[in-house]
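Below you'll find the structure, written out as structure tokens, and then a few comments.
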Amino acid sequence: MIKIGVIGCGYWGPNFVRNFYKIPDCEVVSVADLRLERLQYIKSLYPKIRTTTNALEILHDPKIDAVVIVTPVATHFEIAREALLSGKHVLVTKPMTRTTEEAKELIELAKRKDLVLMVDHTFIYSGPVRKIKEFIDQGELGEIYYYDAVRVNLGLFQNDVNVLWDLAPHDFSI
């Protein structure tokens, strides 16, 4: 049983809690957010999950194996770094960090500690994208020379990153 802590409970955080809650081999132990109303929302849905306004409680809890980071991008590096230093596996929403240097540091730290560091790229796990990859891998589409993507919905406006950093990772990951 893998025990999970979720840090950040805004728009996407509750989705991670719900999805991990449904997995038989996972237990969502704790959720952290600075906003009490968001924690009360989680508590109303999942009364057994511990909630806290202090993310360090999750990062330093020896019972928690993995941390999901669903916070503003500007906080990703510090939280992920602390989680890895605390021996936790990390799933962080995209973009992983603000800079390439920060990303490289986290990757190296995860390698040194033999921990999983994963970036949530939603679309690469979707059925249609996986099917297209299967067609490509089997050579059914021939050699790919060009890929085009069109955004029909920009989603939520992100205050801490520009639209390229917010949306382009989806297309690049696909």
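The values are calculated or read from the model by the stated rules, or taken from the named source; none is laboratory data. Predicted model, so just to flag it, every value in this text is computed and none were measured. Don't worry about glycine lacking a Cβ; one is built from the backbone with ideal geometry, like all the others, and counts go over all protein chains shown. Accessible surface is based on the protein model in full, side chains and every heavy atom, while ligands, DNA and RNA are left aside. Shrake-Rupley method; radii C 1.70, N 1.55, O 1.52, S 1.80 Å.
Couple of notes before you dig in:
- Failed item, numbered, when THR75 is tested on (1) hydroxyl-bearing (Ser, Thr, Tyr); (2) touching a residue at least 12 places away in the same chain (Cβ under 8 Å); (3) farther than 17 Å from PHE16 by Cα; (4) surrounded by fewer than 20 Cβ atoms within 10 Å (Cβ to Cβ): (2)
- Scanning the range 17-27 for residues that are part of a strand (DSSP E or B), in contact with a strand residue (DSSP E or B) (Cβ under 6 Å, 6 or more places away or on another chain) and within 18 Å of LYS88 (Cα to Cα) turns up at least one hit.
- Count of residues meeting criterion [surrounded by fewer than 22 Cβ atoms within 10 Å (Cβ to Cβ) and more than 23 Å from VAL116 (Cβ to Cβ)] in the range 27-41: 8
- Residue in the range 79-105 that is most open to solvent (accessible area, probe 1.4 Å), counting only those that are more than 25 Å from ASN19 (Cα to Cα) and either among the hydrophobic types (A, V, I, L, M, F, W, C) or within 15 Å of the chain's Cα centre (by Cα) (or both): ARG98
- Under the condition of being in a helix (DSSP H, G or I), within 12 Å of VAL31 (Cβ to Cβ) and open to solvent by 50 Å² or more (accessible area, probe 1.4 Å), the residues counted in the range 50-72 number 1.
- Some residue of the range 6-26 being buried (at least 19 other Cβ atoms within 10 Å of the Cβ), over 12 Å from the mean Cα position of the chain (by Cα) and aliphatic (A, V, I, L, M): no
- The set of residues in the range 99-138 that are more than 17 Å from LYS88 (Cα to Cα), at pLDDT 90 or above and assigned to a loop (DSSP other than H, G, I, E, B) comprises THR99, GLN138.
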